[in-house]
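The values are calculated or read from the model by the stated rules, or taken from the named source; none is laboratory data. This one's a predicted model, so the numbers in the text were calculated from it and none came from an experiment. Cβ coordinates were reconstructed from backbone atoms using ideal geometry, including for glycine residues, and neighbour counts include every protein chain displayed. Surface areas here come from the heavy atoms of the whole protein model, side chains and all, with no ligands, DNA or RNA. Shrake-Rupley method; radii C 1.70, N 1.55, O 1.52, S 1.80 Å.
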Amino acid sequence: MAAFERLSRNTSRSFAARPGECSETVNAEIKSLYRRPPIKPKPNMCIEGMPSEMLMKIFSYLDAVSLLCVACVNKRFYHLANDNVIWLKIYSGCFPPKRTIWKTKSVQTETVSLSCAPIQDRKPGYWKKEYVLKQIAAITTRVMQLVKPVDPYTGLPSRIKKAIKASGLSWMIVLKDRNGKEHVMEQADLSFKDTSVTIFWYSASWPCLDILSTLKLFGVTPLLLDQSKAPSKNGPRRRSLIAEYDLSNLTESNVALGANKLVQLFSLNPGLLVGLWKGKNEIALVMASLHYHQLLERSTLGSATVQYVLPPNKPILDDVDPEYGLHDYDLHLDMHSGSCTYLCGTFKSLFCRKGDIENGYLRLTVVSLKDNAKHVPLIGTVGLSWETDAFKGNVKDCYVMDVTLLDETRKPFWCFSAPVCMELSSKASSLYDYMGCVYTTDYADSEVACVPYKFF
């Protein structure tokens, strides 16, 4: 019995001591944690902090367009992306050398490429410049070959559509507000015709018309074009200013060309159409009609601020004719909208007398009212088709008119493409065998000429 009591006392003492010992151990560990130095977080490795050797290795796997984009990041990347070793590799892969230097040794003969000249002797960026210039020259040569064939009826390049595709040409508009902010809109759709191309822009996020001051139309071409891929909008591109339009007081200073239940159309020279939602001062769509005559030059040879200036075209006067006038002119007329063509015809052997030339203008009568054999009928109901992201429709009596006037050497003398409308004339027909309505179309170009048309 006494032994059992001693055993129970010893056990109680041991259980009583354990809680104290445990708390002291935990406190000691907590104190040791406070005494330890804090663990520093590992720094995030970014590409800009990499060594130059590692960046050069990464850049060596990029193509030419990606290298040009990388060079725009910062000054360090610009110098690294200009490395001659990288660009010589790209240059040699695209333009293999045509000649080799032969070195004769005692046993074997080896060839050394001329392009492998000492790279250290070249300034940084030398092979980049050579590659870019040669690529541009190759594309220019190909485009020039495509525009050589000429259509005998229009006097314009017959393969202009292929030339536009080969050059990677596209069009964009830049809307500038009164605060100087620019809103860039890429083309949404294209429509090719015999003598012109129509470009459409429509979006759900147009800026408010009240704050806009100007609209600029640009031709855009990629600096480097890969024929196997579609031109990238994020790559390096060149802009060529085609026209600039004033959008301030658009509705007050311009008469509406036409309207339907949804949109109201306003025409701005040269060849621009702005559609506004009816009852609202908001843009619905923008359309530009560009004539093929020197279209590639206007879309590529200008700069971002200066337009390409067309060379002057002086008529050749016929000094053999005693009346001293202009003879043997041809006119190609095209009336269309979207996929519809209302009239397309060529009128030959046009002329004017000396009295028809006044103040730099000339008067040409295309079809005589009395010559029924030359009258050309209109096909279908005339109307201008329009489209946005959500709606599409047609504005009656409006269309796009393309005029191509050729001189006696069959070269384009005067050309334009513009949206116009035809209106019911108040004058009755002078033809005794026609009792229908007479419609007229007037197009006035402040810099070139005025074109009146009558339709029966």
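Please tell me if K148 is in contact with a strand residue (DSSP E or B) (Cβ under 8 Å, 6 or more places away or on another chain), farther than 22 Å from P222 by Cα and not in a loop (DSSP other than H, G, I, E, B). Before you say what the answer is, go through the steps one by one.
Details: in contact with a strand residue (DSSP E or B) (Cβ under 8 Å, 6 or more places away or on another chain): yes; farther than 22 Å from P222 by Cα: yes; not in a loop (DSSP other than H, G, I, E, B): no.
No; evaluated as a whole, the condition is false for this residue.
Tell me, which strands (runs of 3 or more DSSP E) wholly within region 166-223 include 3 or more residues that are small (G, A, S) and crowded, with 20+ Cβ neighbours inside 10 Å? Full working, then the answer.
Working: elements: 170-177, 182-186, 189-192, 196-201, 212-222.
Because the criterion is at least 3 residues that are small (G, A, S) and crowded, with 20+ Cβ neighbours inside 10 Å, no strands (runs of 3 or more DSSP E) in region 166-223 meet it.
Applying the selection to region 161-181, what residues are at positive phi and in contact (Cβ under 8 Å) with a residue 60 or more places away in the chain? I'd like the intermediate steps shown before the answer.
Of region 161-181, the ones at positive phi are 168, 180.
Passing the criteria: only G168.
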Exercise for review: Identify, by number, the condition in (1) under 29 Å from C344 (Cα atoms); (2) in contact (Cβ under 8 Å) with a residue 12 or more places away in the chain that S158 doesn't meet.
Suggested key: (2)
Practice item. Could you check, for region 277-291, whether at least one of its residues is modelled with pLDDT of 90 or more and among the basic types (K, R)? Key: no
Study note, to complete from the structure: Among (1) under 23 Å from S337 (Cα atoms); (2) of a type outside the set (V, I, T); (3) free of Cβ contacts under 8 Å to residues at least 40 places away in the same chain, S267 falls short only on (3)
Practice item. Would you mind listing the strands (runs of 3 or more DSSP E) fully within region 247-299 where at least 1 residues are of a type in the set (D, E, K, R) and on the phi > 0 side of the Ramachandran plot? Key: none
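Out of P149, P124, report the one residue that is loosely packed, with under 13 Cβ neighbours inside 10 Å and either in contact with a Pro (Cβ under 6 Å, 6 or more places away or on another chain) or not hydroxyl-bearing (S, T, Y) (or both).
Values: P124 fails: loosely packed, with under 13 Cβ neighbours inside 10 Å.
Going through P149, P124 in turn, the sole match is P149.
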Check your understanding: Of all the residues that make up region 152-161, how many are outside any loop (DSSP other than H, G, I, E, B) and surrounded by fewer than 18 Cβ atoms within 10 Å (Cβ to Cβ)?
Key -> 1
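Please state which one of L364, L384, L350 is modelled with pLDDT of 75 or more, open to solvent by less than 80 Å² (accessible area, probe 1.4 Å) and not in a strand (DSSP E or B).
Values: L384 fails: not in a strand (DSSP E or B); L350 fails: not in a strand (DSSP E or B).
Going through L364, L384, L350 in turn, just one is modelled with pLDDT of 75 or more, open to solvent by less than 80 Å² (accessible area, probe 1.4 Å) and not in a strand (DSSP E or B): L364.
Here are S299, S253: which of them is touching a Ser or Thr at 6+ places or on another chain (Cβ under 6 Å) and either open to solvent by less than 20 Å² (accessible area, probe 1.4 Å) or not aliphatic (A, V, I, L, M) (or both)? Even if it seems obvious, please write down each step before you answer.
Details: S253 fails: touching a Ser or Thr at 6+ places or on another chain (Cβ under 6 Å).
Every option except S299 fails the conditions.
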Review point. P419 versus (1) in a strand (DSSP E or B); (2) at pLDDT 85 or above; (3) more than 27 Å from A259 (Cβ to Cβ); (4) not small (G, A, S): which is the lone unmet condition?
Key: (3)
